[in-house]
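Written out below as structure tokens is the structure these notes cover.
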């Protein structure tokens, strides 16, 4: 039996008509706000295109791309971005998964606590960034104070150190987004057929056996969806880091999206920034296709 | 009744036909809001209607770039940040060609300190008129320098009066003096933003070296290695007398530290000073004296960051636009605008109003020593990035001072070459 999603083709043009009418408004909006900017940005990436026309706007072929590959800062920001994804998302996944398993059992106030746990997801990223920046203040920050109680002193501030600032940005993201993982995985876990679990219990399977032999494999699609959504989100992380560190200290937290912003809106190099945005799209597609083809029962070809 | 309606129609028609409307683009803050509040006065006095569009300062560059070109001007008067004068300079009418005002006299180049007027300089001529006097002013805690116990103790220790630091060396002495008393002598600016470039420029210039110099209309790297090293080392030493978190202090942290009474002396931008003088926000309100920054071994310097008014060459209402700019910078009008929140730029206004707003004295004084950042280049943001990154690298000890200075020289040369 094929696992592919089969689309039933409509035989007659007449019958397709109403469907097309329904799709048209959405297609138009997507075309205007998504497809056109992507095509325009792709075109722009082959031009030297200063924000203010100083007479040097010109087609330069692959010039921006060649320059990118020579730009150390580009590679640095890309590595920070990928590091961010590969560190933050697995941690969010693990926390979200085990908390989802925990909440799959009834206990007093579980409904209330479940709602409470979701709150960070609803906080605007920019507010989260600002709050964390304040909490990490060396003079009056709550986190700095609490760490001080455990003998961990940071008199010059956590965000003044390149490595610590990078870790702080990741922790901020984990704090804000693990409930998102929890939300999706909890929905997945609660929809799993109970009889299989019961059968496993009768057969004497313990918690670890049930988790790794039954729950995880059955949740593969849900986990892939969660990772995919989070990866796409993490690739365009911007505002929280921008307000927390501005990419600093030095270039310690200059994630890819911040570097694109810097090139486009600080240096006014729209062509160069577009080339970076194209690379970001390629990376996103790479992640999306990789994850979907490998783990979900959808034929992407 | 019909006659009345007819008259009204004629009046309406005449108003539409003969009243001129100018479009003005400026950034949005208390300063520019004051123009909005009183623009009716201008309209009554001149018959010129003003469509004043105030937008966040961060959007000004983009908006101006889209609306002011060689052949098209959707605005008749635009506010331009000093750092962007190079981008629009060629598109603006030289100030010497601005028409005389019909109601408000043209502002003379002597009415505003020359060092501030220079913010509007491009290609060897003025292409606009400053509309705010934004430059470093120095704040010192008056209650501390007037404390008799401290005065006596300081005199015994250093052999001269405790006062507003006149030189950077005096500032260092005072930092040392106040340290055991739990008061930080100085608050640096070390956040990753343009403020760090300003600090670098101030200290380099105070120690007698400029990062870049204009030669035959082109920038050349002119940083003297030894003087730059001295400047960095001095700044690092000052940072030893700074509050916690000195390695990442931006505006918020500096405002907080000074207003909490933790800091003896530091620079500030005039627009931020009202917060230090607000008793609801500051524990040191009314206890601050404002002056020009202390002199380094070479000079006294105050970094400038003014906004100017420019009239696009493509505007068809240049005379009316000039009239509005003259109104903003008029002495009598300025007295009223200042009440509404405008920070004046004219020397006479700053002196006149210094009783109510003591920091105006500091502005008038600092205006004489204003220096610009090397921002007469369309690539200034990238130049600034090099200066900022390496300056911060050195003062926060991510690299040695020697490495930082060498990087600045090397990277700036590389950058300038790439744009030739």
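Values for this structure:
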{"quantity": "Failed condition for residue B:392, given (1) under 19 Å from the mean Cα position of the chain (by Cα); (2) in a helix (DSSP H, G or I); (3) within 14 Å of another protein chain (Cβ to nearest Cβ)", "calculated": "(1)"}
{"quantity": "Close pairs from the stretch B:378-389: first facing another protein chain (nearest Cβ under 7 Å), partner surrounded by fewer than 23 Cβ atoms within 10 Å (Cβ to Cβ) and in a helix (DSSP H, G or I), Cβ under 7 Å, at least 6 apart", "calculated": "B:378/B:86; B:381/A:266; B:382/B:415"}
{"quantity": "Test: residue B:284 is touching a strand residue (DSSP E or B) at 6+ places or on another chain (Cβ under 9 Å), in the same structural domain as residue B:172 (by TED's automatic domain parsing) and at pLDDT 95 or above", "calculated": "yes"}
{"quantity": "Neighbours by Cβ (under 6 Å, 6+ apart or cross-chain): first from the stretch A:258-281, crowded, with 18+ Cβ neighbours inside 10 Å; second in a strand (DSSP E or B)", "calculated": "A:263/A:269; A:268/A:50; A:271/A:47; A:271/A:48"}
{"quantity": "Residue list for the stretch B:146-179, restricted to those being in a helix (DSSP H, G or I) and buried (at least 20 other Cβ atoms within 10 Å of the Cβ)", "calculated": "B:154, B:168, B:171, B:174, B:175, B:177, B:178"}
{"quantity": "Check on residue B:195, in a strand (DSSP E or B) and outside the structural domain of residue B:357 (by TED's automatic domain parsing)", "calculated": "no"}
{"quantity": "Some residue of the stretch B:122-130 being assigned to a loop (DSSP other than H, G, I, E, B), modelled with pLDDT of 90 or more and closer than 21 Å to residue B:319 by Cα", "calculated": "yes"}
{"quantity": "For residue A:153: the one exception among (1) surrounded by 15 or more Cβ atoms within 10 Å (Cβ to Cβ); (2) within 14 Å of chain B (Cβ to nearest Cβ)", "calculated": "(1)"}
{"quantity": "Looking only at the stretch B:220-259, and only at residues there that are facing another protein chain (nearest Cβ under 10 Å), free of Cβ contacts under 8 Å to residues at least 40 places away in the same chain and not in a helix (DSSP H, G or I), the one that is surrounded by the fewest Cβ atoms within 10 Å (Cβ to Cβ)", "calculated": "B:244"}
{"quantity": "Residue among A:78, A:44, A:93, A:116 that is away from chain B (no Cβ under 14 Å) and exposed (fewer than 14 other Cβ atoms within 10 Å of the Cβ)", "calculated": "A:116"}
{"quantity": "Conditions (1) at pLDDT 90 or above; (2) away from chain B (no Cβ under 14 Å); (3) surrounded by fewer than 20 Cβ atoms within 10 Å (Cβ to Cβ); (4) assigned to a helix (DSSP H, G or I): number failed by residue A:147", "calculated": "(2)"}
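Let's see how each residue does on (1) within 23 Å of the chain's Cα centre (by Cα); (2) assigned to a loop (DSSP other than H, G, I, E, B):
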{"site": "B:297", "(1), (2)": "no, yes"}
{"site": "B:300", "(1), (2)": "yes, yes"}
{"site": "B:303", "(1), (2)": "yes, no"}
{"site": "B:316", "(1), (2)": "no, yes"}
{"site": "B:319", "(1), (2)": "no, no"}
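The values are calculated or read from the model by the stated rules, or taken from the named source; none is laboratory data. A quick note: this is a predicted structure, and the numbers were derived from the prediction, not measured. Every residue, glycine among them, receives a Cβ derived from its backbone with ideal geometry; neighbour counts consider all protein chains shown.
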